[in-house]
Amino acid sequence: MSVIAEFTAGGDDFVVGRALAVSHGSTVDLERIVPLDDGLFPYCRVRGEADPGVFAETLAANPAVEGVVHVPDEDEGDLYRITWTEDAVDDILELLVEHEGQVLAASARNGRWRFRLRFPSTALLADFQRTTTDAGIPLEVGRVYTAAESTDPDFGLTTAQVDALVTAVETGYFRVPRGITTADLGALLGISDQAVSERIRRGVETLTRNALNIPER
């Protein structure tokens, strides 16, 4: 049975992380779920960058990047179509391919990346952990569970909704009295106060429906 593991790593610890370094408070999501031996993640979505055009130029100048196409999206952040060079394939990615790992989700905020990876068996996962440790690759393991135990550990939330809800909880948005205004929370997330309000409402509805198994009417 396949097994899913969550890992965290510093953005400076792997080539793609260094190429996709963003400003403090901005977020990056790799958009495509893909087996790594089919090619590197071609799309990423960035939220919160003050000048997305400058980010695209900086990304295109990285030796691990062959080309970048920027697709602006005011509501959901800026989408980038990236063509990677062979320089982007470092030890972490090679070991993932070697151990038949799949990237189910990958996102970054404030220099830390969170990965959700699937392996065909616990033996391959254990060998991947052992090999990365022996190679001095600083990956920190979090939750580990089988696909049968949880097919949707984020309760159907998008990465943007998870980020908004986690930030809201951490900054006291849901406390009584409220610890942060919607405008200040939006500034932290790099979106407008109306957008953060809508994102939190949609996220709370999705979380409640899926956690309590409430059907759509």
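Data table
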| read-out | value |
| --- | --- |
| Residue in region 182-196 that is in contact (Cβ under 8 Å) with a residue 24 or more places away in the chain, in contact with a helix residue (DSSP H, G or I) (Cβ under 9 Å, 6 or more places away or on another chain) and polar (S, T, N, Q) present | no |
| Matching residues in region 66-105 - criterion: being free of Cβ contacts under 8 Å to residues at least 60 places away in the same chain, hydrophobic (A, V, I, L, M, F, W, C) and closer than 16 Å to residue 129 by Cβ | 95 |
| Residue in region 26-39 that is farther than 20 Å from residue 167 by Cα, at pLDDT 80 or above, assigned to a loop (DSSP other than H, G, I, E, B) and among the hydrophobic types (A, V, I, L, M, F, W, C) present | no |
| Subset of region 194-216 [farther than 12 Å from residue 163 by Cβ, open to solvent by less than 80 Å² (accessible area, probe 1.4 Å) and at pLDDT 85 or above] | 195, 197, 198, 204 |
| Residue count for region 72-114, restricted to those that are farther than 18 Å from residue 167 by Cβ, buried (at least 19 other Cβ atoms within 10 Å of the Cβ) and among the charged types (D, E, K, R) | 1 |
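The values are calculated or read from the model by the stated rules, or taken from the named source; none is laboratory data. These numbers were taken from a predicted model, which means no experiment stands behind them. In this analysis, Cβ positions are derived from the backbone assuming ideal geometry, glycine residues included, and neighbour counts consider all displayed protein chains. To get the accessible areas, we keep the full protein, side chains included, count just its heavy atoms, and leave off ligands, DNA and RNA. Shrake-Rupley method; radii C 1.70, N 1.55, O 1.52, S 1.80 Å.
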